[in-house]
Structures are given as C-alpha cells and as structure tokens.
Amino acid sequence: MRKLINTGVLLILAIPFFANAQQPAPTLKFTTPSGWVEEKASSAMRVAQYKLPKETGDAEDASLVLYYFGQSGGGGISANLERWIGQMKQSDGSDSKDKAKQDSFKVNGLAITTIDLTGTYTAETAPGSGQFLNNPNYRLRAAVIETPKGSYYLKLVGPEKTVAKWNNSVTDFVKSLEWK
C-alpha cells in the first residue's frame, strides 16, 4: 500500500508539469483559402504572406499580408485606418475618408475593425524610400485584429477586379481567425 500511495503522489505531481510543457502558447490561428499562393514572408514582422492570382484582364496579382509587430507595436486602430486611407487617392479629388467603408465586429471572440476602399494606390514603395506607387483602379481591404497579445494587421491590396474575385475568400479567411 505504501508503494501505491507514493506512485500516486508522483503521478499527481507529474501531470501538471507535463501538461504545461506540452501546451504551446496561444497564437492567432487561421485557415488559408484554396487558390491562394503562400509566399515566403519577406520580413520577420509578416506572419503570413499570400499572392492572390490576378483576374483576367488585370496586369497584377493582389497581395495579402498578415503582420504582427509585438504586443504593443504597430499603433492603434485609428492610426492604422488613417494611414491606410491616406494610401488611396480618388481620381475626382474627393476625400478617400468619405469613400472608405469601415466596420467593426467580433469573430471567435476577437474584436476586428476593417476598412475597404478603392482608388489609386499611392503607398510608399518601401518605408522611408520617398518613392510612391501610382496604381489606379486598386482596392484596399485591411483589418486590425485585437488579441490578448496585441494586434495583428491584415492588408490586402491589388487591382479592383482581382480583389473582387477573391472577396468572399478574404471574408472566409477573416471569419476563420481564432486565438488558441
């Protein structure tokens, strides 16, 4: 009987140790839609990077990137929305902010804020380069995904027809996001 008690004590002490050692820390999980082409992330800040093949008649593919800059990196929701809106210019000279469609909702317990707008994509080619793109008839969809370890940032940009082709799969991707 003494041996049985000692074995039981060792087993009880070992269970929490092994349970904790085998459980990975929670992270953002998602399901990649079929047809998306996974690319090698071009920086450590890119959690995932995809090419969404172009629609017939478009000259370029769309690009979707999921970023993570650390628990307190990347800036707030408003700052990112303003930056993304500032990357799109309207051919009629109107304010892109007036054309942007913004939404906030929850997916699997995660707060998500999105922006969707079309126009001429004029983002800087690389941070600090001083050179800017000039891509008319583009569409930008972006999102801030709030998690317990800080925000993740999703940015999709490409020709309007190509982004429209992949619109439903992008929505499915966002709906698949979960923290576990």
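Worth pointing out:
- Of the residues making up the range 129-180, just one is surrounded by 13 or more Cβ atoms within 10 Å (Cβ to Cβ), part of a loop (DSSP other than H, G, I, E, B) and free of Cβ contacts under 8 Å to residues at least 60 places away in the same chain, namely L133.
- Scanning the range 48-76 for residues that are small (G, A, S) and surrounded by 17 or more Cβ atoms within 10 Å (Cβ to Cβ) turns up A48, A62, G74.
- No other residue among T118, T125, T114 is among the hydroxyl-bearing types (S, T, Y) and in contact (Cβ under 8 Å) with a residue 60 or more places away in the chain apart from T114.
Yes or no, residue by residue, for (1) at pLDDT 95 or above; (2) under 22 Å from the mean Cα position of the chain (by Cα):
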| site | (1), (2) |
| --- | --- |
| A25 | no, yes |
| Y50 | yes, yes |
| F69 | no, yes |
| Q90 | yes, no |
| Q102 | yes, yes |
| T118 | yes, yes |
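- Reported count of residues in the range 103-128, each being within 23 Å of K161 (Cβ to Cβ) and either surrounded by 11 or more Cβ atoms within 10 Å (Cβ to Cβ) or touching a Gly at 6+ places or on another chain (Cβ under 6 Å) (or both), is 10.
- Pairs with Cβ under 6 Å, 6+ apart, first in the range 54-74 and within 16 Å of A44 (Cα to Cα), second among the β-branched types (V, I, T) and not in a loop (DSSP other than H, G, I, E, B): L66/V47; Y68/V47
The values are calculated or read from the model by the stated rules, or taken from the named source; none is laboratory data. Everything quoted here is computed from the prediction, not taken from an experiment. Glycine also receives a Cβ, built like all others from the backbone with ideal geometry; neighbour counts cover every protein chain displayed.
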